[in-house]
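To keep things clear, I will list the structure first and then write my remarks on it.
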Amino acid sequence: MELKHLRAFVALAEELHFSRAAARLHIVQPALSAQIRVLEDDLGAQLFERDKHRVSMTEEGRLLLPEALATLQQAARARDVVKHSAAGEAGQVRIAFVSSVLTELLPRLLRAMKEQLPRIELEFKDLPSPLQLDALHDNRLDFGLVRLPLPHVGLQARMLFEEKLVVAMPADDRLSRKRRLQPSDLLGRPIFVLARKFAPGLYDQMLVSLHRGKVTLDIARELSEYSTVLALAASGEGLGLVPEMAAQALPPGVVTRPLALAMSGAGIGVAWKALDTPRKQAFMRVMDALYPPDQG
């Protein structure tokens, strides 16, 4: 039994006329008759009653019809899956992200993928940037949405957008009366930051920039999550120093003010090991459309 035999059977079952069924299949009538005979011989059953005036299905033919339709539909689906996979339009892409992209970048990416590559299944993991790089090196991830700058030996990365630092504080803090803060405004205040091991490039860039301005902060706590930094800032025990995207979901009563500190090369980027499959290449085309490289 071959798929062409099932197609011939379905066409004849639906048309109940050899000439019309043959025309529908773009074959000659003797070829259609031959395919039906092969199928009947293979099944050991007569599928059609035919005489000079009419064609009708036997009981065995009526039983076979839904099975034949299901088989042809499954075959078409299998062909479709492989075709789209070969074009990079189906399959799975494994992505990790830093939690601060949850509010803007990730929803935007999800909408674009649903519109442009709906057959791609995205598998997400929330991981700090250093762990993302380890997973990329080991081929446990396809892409990482990381915080830059970050060492990425053996990997490729590009900036999606730069970020500046903001200072989080209670709304009634005296510094909230200023529209923009200078690094010197932070002197003498306990400062909460993300620990270096979770974003080493950003941490080092911050200290270098402060050193250039001859400012040394009183870093009271180094924490594992920006949400914890913001929670401690809400308590009034000190000021939180965070990238602007990480401050989009503020606790009640907390405000932020931009910090006048140059942070060249600091922001959110995408990292990968190799664009070695059509699927990865298709994903990167979506990312490039959302965040054009010349704007990174």
Within region 243-296, track down each residue that is under 15 Å from the mean Cα position of the chain (by Cα) and among the acidic types (Asp, Glu).
Asp288
Region 7-24, subset crowded, with 18+ Cβ neighbours inside 10 Å and free of Cβ contacts under 8 Å to residues at least 40 places away in the same chain, residue farthest from Ala75 (Cα to Cα)
Phe18
Test of understanding: among Met245, Met284, which residue is more than 12 Å from Val166 (Cα to Cα) and part of a helix (DSSP H, G or I)?
Met284
Matching option when the condition is in the same structural domain as Arg221 (by TED's automatic domain parsing) and at pLDDT 95 or above, among Pro190, Pro200:
Pro190
Can you name the condition, by its number, that Ser56 falls short on among (1) touching a residue at least 40 places away in the same chain (Cβ under 8 Å); (2) surrounded by 14 or more Cβ atoms within 10 Å (Cβ to Cβ); (3) hydroxyl-bearing (Ser, Thr, Tyr)?
(2)
Please specify each residue of region 155-175 satisfying the condition of being touching a Lys or Arg at 6+ places or on another chain (Cβ under 7 Å) and surrounded by fewer than 17 Cβ atoms within 10 Å (Cβ to Cβ).
Leu175
If the Cβ limit is 9 Å and pairs must be 6+ apart or interchain, which residue in region 181-192 that is on the phi > 0 side of the Ramachandran plot pairs with which residue that is part of a strand (DSSP E or B)?
Gly188/Asp218
How many residues are touching a Pro at 6+ places or on another chain (Cβ under 9 Å), within 27 Å of Leu141 (Cα to Cα) and β-branched (Val, Ile, Thr) when one looks only at region 222-278?
1
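The values are calculated or read from the model by the stated rules, or taken from the named source; none is laboratory data. Remember, it's a predicted structure, so these values are computed and weren't measured experimentally. Because the Cβ atoms are built from the backbone with ideal geometry, glycine has one as well, and the counts that use them run over all protein chains shown.
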